[in-house]
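Heads up: the structure comes next, in structure tokens.
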2 protein chains.
Amino acid sequence: MGQDVKLDDVAREAGVSIATASRALSGASRVSPETVRHVTEVARRLGYRVDKIARAMRAGTTRTAGMVVPIIANPFFAELVGAVEGELHKHDFELLLADSQADVEQEAKRLNTLVERRVDGIFVVSQDSRSATAVELVQRSVPIVQVDRSIARIDADFVGIDNEMGVAMVLRHLAELGARSVVLVSADDANSVGRSRRRAFQRVSAELGLSVREPVIGAFDVDTGSRAAGVLLERGELPDAVVTGSDLIAFGVIAALREAGREVPGDVLVTGYDGNAMSGLYSPPLTTVHQPLGVIAREAVMFLMERLKEPGLPPRRMEVRPELIVRRSTDGAPPRSAPDAAAAVDPARPGCHPGAPASGGRTRGR
Amino acid sequence: MGQDVKLDDVAREAGVSIATASRALSGASRVSPETVRHVTEVARRLGYRVDKIARAMRAGTTRTAGMVVPIIANPFFAELVGAVEGELHKHDFELLLADSQADVEQEAKRLNTLVERRVDGIFVVSQDSRSATAVELVQRSVPIVQVDRSIARIDADFVGIDNEMGVAMVLRHLAELGARSVVLVSADDANSVGRSRRRAFQRVSAELGLSVREPVIGAFDVDTGSRAAGVLLERGELPDAVVTGSDLIAFGVIAALREAGREVPGDVLVTGYDGNAMSGLYSPPLTTVHQPLGVIAREAVMFLMERLKEPGLPPRRMEVRPELIVRRSTDGAPPRSAPDAAAAVDPARPGCHPGAPASGGRTRGR
DNA sequence: TTGTACGCGTTATCAC
DNA sequence: GTGATAACGCGTACAA
């Protein structure tokens, strides 16, 4: 560990002072060109590498950000982490990853550790409202950017998707297809994502005059989907469409329905949410609300960078515009619907066009 | 950033020296119990947090490991990263994540950065043999643990799956079902995983007397699967079974075949590799070779920990035993096979039993 | 048992 | 343009 060559060695070997060596390499200022060349050459020859720990010690900044996610193995968070890491790298930042295991106490501990590591900022996909105390505390030491999920009490930057808009896109699409009865299968109200998707579903389906069945509520995982399929089948007649809160739920629903001999979209339409890589590959390919994670990551990192430059900045919120991707799981009119059901849709409302490119719309405020 | 309370503050407030405060908190030795209580209390009240950068500076160890993967968004690597992170956490280590974007130059840079960050060890899922120079260089500064993929020239610890065994399990399973003709769709020989799977396929299928079609070679991704399906269809008659090198390839194959009106397992059997979370959820559920990532991660971390304790240790290799998971994608005998084809299988060979729990078998040497 | 003082490797400040 | 030196916050050898 200590066998590495340090600046001191380079300086001695190059016959200059340690200060000159530092300046020559940092490309800072006031060093004669030939000294620079010489020192650089010596450094290269000796295989010198800065000790960024020492540099951080001196500079008071680590050029490292932390990121806490509920569970990295979830493809959605994996993609998100990948996007954030890539974006950070453009700014010459490193990423310290922490998996909270979907546990609030773990989350609190991991946040604390990140502060101890002196990260310059933390991206957090928080668990639920119980995360508030820990986040609030940590926020006093280091800038926080909430990603995907936001906690009401927390006055920190936030970047996520416009959940309401996504749900609205799905419901309008279904209504246009002639669906009359719909059911929601999603997560509970513990975090902002589940909450806003559920509320949007209630509001928009009412606006569209759809017949709403009792929702099946659980988590954003496959099991919730399979369980929901069981519940729906027990109730007897299936609704025209099942609107789910995540692609994983949709996979669970479809797989379980198929086990029971029901086909999608033949017997019932199903939609997902998130638009992960598997959604287009599934059978049937899934109609879903795609989240432009690249945009979300870019904006989240931008928020942090701007805050580092200007710490006094007021907290900002951004909700990125989602994109509806129409695929086979909602192909064709629902089986039992009257052909004129589509008349219930207000034609004046622009809705969304499947092929339209997603542009990250910015919403400021708060 | 500098507004945080430091040890000095705690010491002053507690009315003791900085050394005593340090000892009291580190729980080291030789401190009166009541001093410990007092200092601890003051620290808590002031909200003191150690500066682990400073501690690392002093201790010469960061308690941080780096991990370089080709692409974190790939569910397989995501799960692997998650498992490693969790395992590291048990040892009070943090994880610095680096995505090499499947690019050798990026990989080299990221490895270097990790060294500069003074990580105590690096887990690397290397790109291919071109990664050798960078890894070799970096290895002189910090312990390396190769995970999943191994580079021949590199004399570092390695933990991965027993690729040959996995392929053998699949082929015996297919042979037992009566498959006579098989084709491989997998990645090229650039990295050890693709290489050993392909070689094992050749060897074992010959041993089993299977009729082998010209393989379709690409990468471990979905596109390779779709493309392969096209190739197979163009060739005319499908083989009895398609053996793929990854679940993603299998998804691609199945989806494309279905587009063309062919069914799995009705028209052809298909197997995957990796056993990721989606494999059981797909339609049809995928027969696949499951990699116990928990075991792999645990052993990889163990390797590092042991090496940190005892740097002189000779490099070790471990190949973890995979587990065949039989599902519907290979349900039933292949359509065109003679019923007695299964006789080609040597019944004395233990093969693998679907329900058998995977135990991480250790192989040492090198 | 506790306190003093030094060093970890780097960079910035101040003299020359 | 270059060199000497202080400082970042902590842990510990040594002294008391």
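The values are calculated or read from the model by the stated rules, or taken from the named source; none is laboratory data. Computed from a predicted structure; not experimentally measured. Virtual Cβ from ideal backbone geometry, glycine too; neighbours counted across all protein chains shown.
Being closer than 30 Å to B:Thr133 by Cβ, within 9 Å of another protein chain (Cβ to nearest Cβ) and away from DNA strand D (no atom under 16 Å from the Cβ): is that true of B:Glu116 here?
Details: closer than 30 Å to B:Thr133 by Cβ: yes; within 9 Å of another protein chain (Cβ to nearest Cβ): yes; away from DNA strand D (no atom under 16 Å from the Cβ): yes.
Against the criterion (closer than 30 Å to B:Thr133 by Cβ, within 9 Å of another protein chain (Cβ to nearest Cβ) and away from DNA strand D (no atom under 16 Å from the Cβ)), B:Glu116 qualifies.
So which residues in segment A:252-307 are assigned to a helix (DSSP H, G or I) and closer than 15 Å to A:Gly230 by Cβ?
Hits for segment A:252-307 are A:Gly252, A:Val253, A:Ile254, A:Ala255, A:Ala256, A:Leu257, A:Arg258, A:Glu259.
When both residues are 6+ apart or on different chains and their Cβ atoms are under 7 Å apart, which pairs have a first residue that lies in segment B:108-133 and is more than 21 Å from B:Asn191 (Cβ to Cβ) and at pLDDT below 95, and a second that is buried (at least 24 other Cβ atoms within 10 Å of the Cβ) and not polar (S, T, N, Q)?
Final answer for the pair search is none.
Quick check, is A:Asp99 crowded, with 20+ Cβ neighbours inside 10 Å, under 22 Å from A:Val301 (Cβ atoms) and either within 16 Å of DNA strand C (Cβ to nearest atom) or among the charged types (D, E, K, R) (or both)? Break it down stepwise before answering.
Details: crowded, with 20+ Cβ neighbours inside 10 Å: yes; under 22 Å from A:Val301 (Cβ atoms): yes; either within 16 Å of DNA strand C (Cβ to nearest atom) or among the charged types (D, E, K, R) (or both): yes.
Here the answer is yes, as A:Asp99 does meet what is asked.
Can you find a residue in segment A:37-51 that is within 16 Å of DNA strand D (Cβ to nearest atom) and in contact with an Asp or Glu (Cβ under 6 Å, 6 or more places away or on another chain)?
yes
Of all residues in segment B:239-251, count the ones that are assigned to a loop (DSSP other than H, G, I, E, B) and in contact with a helix residue (DSSP H, G or I) (Cβ under 7 Å, 6 or more places away or on another chain).
1
Keeping to segment B:53-96, report how many residues are closer than 21 Å to B:Ile151 by Cβ, aliphatic (A, V, I, L, M) and not in a helix (DSSP H, G or I). Lay out the reasoning, then the answer.
Of the residues in segment B:53-96, the ones closer than 21 Å to B:Ile151 by Cβ are B:65-72, B:74, B:76-77, B:80-81, B:84.
Retained after the next criterion (residues that are aliphatic (A, V, I, L, M)): B:65, B:67-69, B:71-72, B:80-81, B:84.
Filter once more, keeping what is not in a helix (DSSP H, G or I): B:65, B:67-69, B:71-72.
Residues that pass the stated criteria total 6.
For segment A:137-238, please list each of the strands (runs of 3 or more DSSP E) lying entirely inside it that holds at least 1 residues being under 17 Å from A:Arg321 (Cα atoms).
Here the list reads A:144-147, A:157-161.
Inside segment B:23-36, can you point out the residues that are more than 19 Å from A:Val115 (Cα to Cα) and either near DNA strand D (Cβ under 8 Å from one of its atoms) or outside any helix (DSSP H, G or I) (or both)?
Listed by number, the residues that qualify are B:Arg23, B:Gly27, B:Ala28, B:Ser29, B:Arg30, B:Val31, B:Ser32.
For A:Ala56, which of the numbered conditions (1) within 19 Å of B:Glu85 (Cβ to Cβ); (2) in contact (Cβ under 8 Å) with a residue 40 or more places away in the chain; (3) at the interface with another protein chain (Cβ under 7 Å from one of its Cβ atoms) fails to hold?
Condition not satisfied by A:Ala56: (1).
From the set of residues in segment A:61-70 that are in contact with a strand residue (DSSP E or B) (Cβ under 6 Å, 6 or more places away or on another chain) and of a type in the set (A, V, I, L, M, F, W, C), which is nearest to the other protein chains (Cβ to nearest Cβ)?
To start, the set of residues in segment A:61-70 that are in contact with a strand residue (DSSP E or B) (Cβ under 6 Å, 6 or more places away or on another chain) comprises A:64-68.
From what is left, the residues that are of a type in the set (A, V, I, L, M, F, W, C) are A:65, A:67-68.
Numbers: A:Ala65: 11, A:Met67: 8, A:Val68: 11 Å.
Looking at residues that are in contact with a strand residue (DSSP E or B) (Cβ under 6 Å, 6 or more places away or on another chain) and of a type in the set (A, V, I, L, M, F, W, C), I get A:Met67.
Where residues in segment A:10-45 are within 14 Å of chain B (Cβ to nearest Cβ) and within 11 Å of DNA strand C (Cβ to nearest atom), which of them is surrounded by the most Cβ atoms within 10 Å (Cβ to Cβ)?
Out of the qualifying residues, it is A:Ala43.
Do you know which residues across segment B:1-19 are without any contact (Cβ under 8 Å) to a residue 24 or more places away in the chain, near DNA strand D (Cβ under 8 Å from one of its atoms) and part of a helix (DSSP H, G or I)?
Correct list: B:Asp8, B:Ile18, B:Ala19.
Checking the condition away from chain B (no Cβ under 11 Å), under 23 Å from B:Val264 (Cβ atoms) and not hydroxyl-bearing (Ser, Thr, Tyr), which residue from A:Gly252, A:Gly261, A:Gly236 passes?
Just one listed residue meets the conditions, A:Gly261.
Among the residues of segment A:114-149, which ones are surrounded by fewer than 23 Cβ atoms within 10 Å (Cβ to Cβ), in contact with a helix residue (DSSP H, G or I) (Cβ under 8 Å, 6 or more places away or on another chain) and of a type in the set (Gly, Ala, Ser)?
Residues satisfying the conditions are A:Ala134, A:Ser141.
Kindly provide the set of residues from segment B:270-289 that are modelled with pLDDT of 95 or more, farther than 11 Å from B:Arg327 by Cβ and not β-branched (Val, Ile, Thr), ordered by number.
Selection gives B:Tyr273, B:Asp274.
In the set A:Ala83, A:Ala56, A:Ala78, A:Ala65, which member is modelled with pLDDT of 95 or more, within 12 Å of DNA strand D (Cβ to nearest atom) and closer than 30 Å to A:Val301 by Cα?
None of the others qualify; the one that does is A:Ala56.
Within the bounds of segment A:167-176, is there any residue that is at pLDDT below 95 and over 19 Å from the mean Cα position of the chain (by Cα)? So that I can check it myself, show each step before the final result.
Of the residues in segment A:167-176, the ones at pLDDT below 95 are none.
Checking segment A:167-176: not a single residue is at pLDDT below 95 and over 19 Å from the mean Cα position of the chain (by Cα).
Would it be correct to say that A:Leu80 is within 21 Å of B:Leu97 (Cβ to Cβ), more than 7 Å from chain B (Cβ to nearest Cβ) and crowded, with 22+ Cβ neighbours inside 10 Å?
Answer is yes for this residue.
Every residue in segment B:93-108 that is of a type in the set (D, E, K, R) and more than 9 Å from chain A (Cβ to nearest Cβ), please. First the steps, then the outcome.
Of the residues in segment B:93-108, the ones of a type in the set (D, E, K, R) are B:94, B:99, B:103, B:105, B:107.
Scanning segment B:93-108 gives B:Asp103, B:Glu105, B:Glu107.
Looking at segment B:54-77 only, could you name the residues that are buried (at least 21 other Cβ atoms within 10 Å of the Cβ) and β-branched (Val, Ile, Thr)?
B:Thr62, B:Thr64, B:Val68, B:Val69, B:Ile72
Working only within segment A:151-205, note down all residues that are crowded, with 21+ Cβ neighbours inside 10 Å and within 30 Å of A:Glu310 (Cα to Cα).
Those that are crowded, with 21+ Cβ neighbours inside 10 Å and within 30 Å of A:Glu310 (Cα to Cα): A:Ile151, A:Ala156, A:Asp157, A:Phe158, A:Val159, A:Gly160, A:Ile161, A:Asn163, A:Asn191, A:Val193.
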